[in-house]
Each structure stands twice: as C-alpha cells, then as structure tokens.
C-alpha cells in the first residue's frame, strides 16, 4: 500500500506515571519469555520447531502468514505477541506492516529498511483467530521473527489494529484526519499529541503502545517520548541520521489529559502509530524513561544512579550483566522489563541478544547494527535471577540501555513518587553535553599539598578549567573490570577538582605518555606494562603534565598522561591509583602525610584527604578561567613532568 510510505518504527509503550499505588489484575497480563525464533526465511536456517524456516525471500508486495500461538512458550489461546522482526538484505528501500491475518492491512507500518541493510524492530502484534500474524513487505527481502512474550486474549495490553495518530507530512493521513500536515517539527521542539480517545484507545486508558518514526531528518539527532507533565528525560527512543527514515519505541507516560509529548533534537517529519493500550488497573507499569547502562566515557550522560556507567566499549563475543530490578524506583522481584538498547559506533556489522541471566543464550537477536552507525531497538526482556538481564554483542560497540517500564508481580505494589531523575539538559545520543561538574564553592578544609611544577612569577600552574581535558584511552591490554576502575578514578578527580574530562577516542599508542598527534586530544590514559613503557619499571603507575611558559607570566598545560601497569592492577583499590595519577596530571605532587592519597605509597587510604582536596581546589575550576596568551607573548621554556628534577618521586610504586 503506497499510502503507508516508508514509515515504521519499533514498539513504544506509554502510560501514566506510577505516582501512587494502584490495584492490578492478578490474571490476564503479559507473559514474558526467552527470545525464541519463529520465522527465518533464509535457506539453511532454523526455527524453534522447524516451521516457517528456509522458505526463501518474501517478494515485493507479498504478505506472509506466520503461526505464533501454540509455538515455543506462546499459549494456543494467546491474543497478541511481542515480536522482534528483522528485514535482511532487502533489494531496495521499503517497509513492513504486521497485522492480524483476519483483518485488512492498515495504513501503518512496523519496520523501515534500506536496500542491502539488516534492520530490526519490535512490536506488539495482535493475532488473528487462528493465532497467526501477517507480514506485508513492500520490497523483496529475507525475514526473521523472534517472540519475546505474549498476552492472553482478554489480557493487557489490549492489542489494536495499528492506526496512525500523527503525520506531519502534507501528503500523509491519520485515522481521523486530526494531527495531520503542517510540515517538519522544529529543531529542539516538543510536540504534544492527543492519544486517548483515538484509534481505538479508550478515553480512560492508562497507557498505549506507539510506533514513532523520523522521516528525512535535516541533521543527526534523536527523539524522546514522554509525559507532557514531565521535563524531557535523559533517554532516547530512537536515534536518526540526516536524510534517513528510522523508527523505534519505548515505554513512557500519558499525561492526565491523555497526551504524549515528542521531543526531537533536529527538524524531522514525524509519524506516530498506535498498536495497543493498557487499562488503568493493569500491567505493564510505565515510568519516565531512565538510563540504566552507558558504556561511553562521557561526563554528562550518566546513568540514573551512577551504576553501569563508563564501562568502556563492549568487546565482540562478550556478555554484559545488567542489574534492572531494585534500581532507582524499579521494584525488586519484577519478572520482565521494557528496555531500549542502542549500539553506538560498532566496529563492524553485528547483533545484540538480550536474555535472562542464568540461562543459555538463545538463537535470537534483539538488535542488529552496522559499522559506525547508531542503531536502537525496544525490547521486552524476561529477567533472570536477582532481576538481571544479560546483553551479548557479537562485535565491539558502545551500548546504552534505557528502561521505560516493567511487568510486576501482581502482589507487588508499584512504586510511589519516584526519586528525582537525572540532570536536565544532558543529551542521550553521541553528542557530549557541556560539563555539569561543579567545583567546591569555597576552599575545603586546609591541609598539606605540593605542586609538581612551580615557576616564580607564574602563579599556580594549572589546566584551563573552562574547557574539558580531552583524553584518549589505550585499553588494548585492559579487562572490562580495569576499565571500570579507571572510569571511577576519572569521576572522583572530576568531582574533587571541578574540571571536566572528555573522552575523544581510542589509541594504540601513548605508552611513554606521548599524546598521539592529529587526534585533537590533550592527554592519554594508557593500560600498559613494564615491557612497553620504560616509565613503569618499578612502578604501578605514572602520571603528570607538560607545560609551556610564555613571556608576561602566562603558562599553559600542553599535554598530560597516565600509564598504569596492567599486570599489577589487580586489587579493588585500582580507582584510587587512577585518582592519584590523575591528580599528578593536574599538577599535584607527593606529600609526606601517609593519610593523604597523594602520599607516595597507597597503604590503607580510601579517598582524598584534606590536603589532597585543598590542592585540587587550588588547581581546579574554582580558580576560574586562565587568561589568554597575548599576541605579543613568546615562548620562554617548556617543561615536562617526566624526568625533570621537579618531578622526582611522582612515579613511585603504589602498594597496598
């Protein structure tokens, strides 16, 4: 159907915020399952039971019927199913529409794809009377479908035949001719959309499932869907690139008048379809989206509680365990969760599989990605013991996970007013927001400290706190645990100094703390060894700055670095070693007081001492921006912290 255009997206669930306990039905709710393959048209590939396997590509304009009910863990009388559908190597740009086979094909779509791509999308599909769904494809393509959950015929959510509620294009259409046309939404805009009472959604519905699609974006950006009663949260439902067509979904909130709000970073044509609703007293529980995992070395894009943050890129063939139950306002003991998983900058084409920890990884995919892009998908994931989900990635990539709701035990009351959410204004995609690090307003408790580099007439030698220290990481020798500790050390030094650190990429050099040229970096942080770095002979870690002195009493830090001996970094205090060496990089030297972290030996300290904090305040952001080097000033001298007489002892060994 041409009227559908190339418009599709993944599942988006929106509901009233859980701001007060509410009764919940004990029966007829979602049953989450392990991901299970029900369809694979590729020759030689299998499904859970051999049905709907290896039948070859679906041709352009054809509709394929797939039996869902009675297969895998889906009951024979199920009314709807959560499906993750993948289009593989389509011949050209196109779309899929998923609908009950005993109904007409609607003006809506479930997935958009580009020619030659591998694109996945999740949706709640209403089943026909015989338990099947129909999948229409506008172009010839292979198809794969995995099931992740089901809903009884009288259960919740109540699946609908998809209906279009919003289309900003003048050539589009909606179910009732409302919210139609008007052209692209503006940059940094919030668009409210009436949902309740339209497209089969009752006026008193507590939540709805939506498909949201960005068409023809004028720049890279993202979309966040949220309750119009709230501020824009730190989460993203879909990421898009300039000129593309992409969709995705999440679990979010309707306001008291039955609306949702859609924020867009860039100007886009916006399309919204509804596929289901949730009655007021039924599962799932929806909440304002919160970030639970952020692997990138960003300062601003923290997780909601600081856990699972700055983990580093996930290596190919590895599995990351994510705690979901019991975090922030999420209850313990939940059975399943609605999450949005995003792969950022993968090294090559690959996939992500999310499954209950403690079980064998299934033959299924939750997200497919290609090298260098940002791909997201919303999935219903059954949780393992202790409320955990395991996230396997087949190729190296950064990962971001946002939660938008969960399936609760009927006997468990939902949370009351949730705690405050994350810092407003932080960005959920690959753009790094301005620093939110706040230095101490006044000098902390006084104590002894020393400086590595001092020069009469130049004041305190320090970094300019009005721009971030841009750093590269060489993590080739590091374990994920060691990367975690490095990130904790960075967070500790940022908090104490007020100076922001900004990750700009990976490097394969820097073992002698020489910052690689041409990468727009100020510093290098290296997981090294004594065989690769002469500075580490006899030392666990080394660190410090280099500085230029100009006429007129002005000095500038030109570079800095830290290297640690990976083989020696095996204790639980590794973050303190990083904090110590990073403090050297900010120009702090050793002190004789063994209670200070800047003592030559790490022996029982567990934090910065009063002298350390005084020193970091003295070289930190509280002192304000550095004055610019004037046009007439000339370079007088350059000093490196390594090997210079002012720096003896700064690279001594730290031991427990």
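At a glance:
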| read-out | value |
| --- | --- |
| Residues of the stretch 125-152 that turn out to be touching a helix residue (DSSP H, G or I) at 6+ places or on another chain (Cβ under 9 Å) and in a strand (DSSP E or B), as a count | 1 |
| Neighbours by Cβ (under 7 Å, 6+ apart or cross-chain): first from the stretch 183-202, within 10 Å of residue 266 (Cβ to Cβ); second in a strand (DSSP E or B) | 184/268; 184/269; 185/191; 185/264; 185/268; 185/270; 189/264 |
| Conditions (1) over 19 Å from residue 210 (Cα atoms); (2) assigned to a loop (DSSP other than H, G, I, E, B); number of the one not met by residue 155 | (1) |
| Complete set of residues in the stretch 490-515 that are touching a helix residue (DSSP H, G or I) at 6+ places or on another chain (Cβ under 6 Å) and part of a helix (DSSP H, G or I) | 492, 493, 496, 497 |
| Scan of the stretch 165-186 for residues that are crowded, with 18+ Cβ neighbours inside 10 Å and in a loop (DSSP other than H, G, I, E, B), ordered by number | 168, 169, 172, 174, 175, 179, 184 |
| Set 139, 109, 122, 145: member being surrounded by fewer than 24 Cβ atoms within 10 Å (Cβ to Cβ) and either in contact with a strand residue (DSSP E or B) (Cβ under 8 Å, 6 or more places away or on another chain) or without any contact (Cβ under 8 Å) to a residue 40 or more places away in the chain (or both) | 139 |
| Some residue of the stretch 585-599 being surrounded by 23 or more Cβ atoms within 10 Å (Cβ to Cβ) and part of a helix (DSSP H, G or I) | yes |
| Options 286, 236, 276: the member that is touching a strand residue (DSSP E or B) at 6+ places or on another chain (Cβ under 9 Å) and either within 25 Å of residue 313 (Cβ to Cβ) or part of a loop (DSSP other than H, G, I, E, B) (or both) | 236 |
| Test set (1) within 21 Å of residue 277 (Cα to Cα); (2) in a loop (DSSP other than H, G, I, E, B) - residue 160 fails condition number | (2) |
| All positions within the stretch 187-218 that are more than 17 Å from residue 238 (Cα to Cα) and in a loop (DSSP other than H, G, I, E, B) | 195, 196, 197, 198, 199, 200, 201, 202, 203, 204, 205, 206 |
| Count of the stretch 561-574 residues which are under 29 Å from the mean Cα position of the chain (by Cα) and modelled with pLDDT of 90 or more | 6 |
| Tally, over the stretch 620-647, of residues that are part of a loop (DSSP other than H, G, I, E, B), modelled with pLDDT of 80 or more and touching a strand residue (DSSP E or B) at 6+ places or on another chain (Cβ under 6 Å) | 2 |
| Filtered residues of the stretch 468-482 (kept if at pLDDT 90 or above and surrounded by fewer than 15 Cβ atoms within 10 Å (Cβ to Cβ)) | 476 |
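The values are calculated or read from the model by the stated rules, or taken from the named source; none is laboratory data. Nothing here was measured: the structure is a model prediction, and the numbers come from that model. Here Cβ is always computed from backbone atoms with ideal geometry, including for glycine, and neighbour counts include all displayed protein chains.
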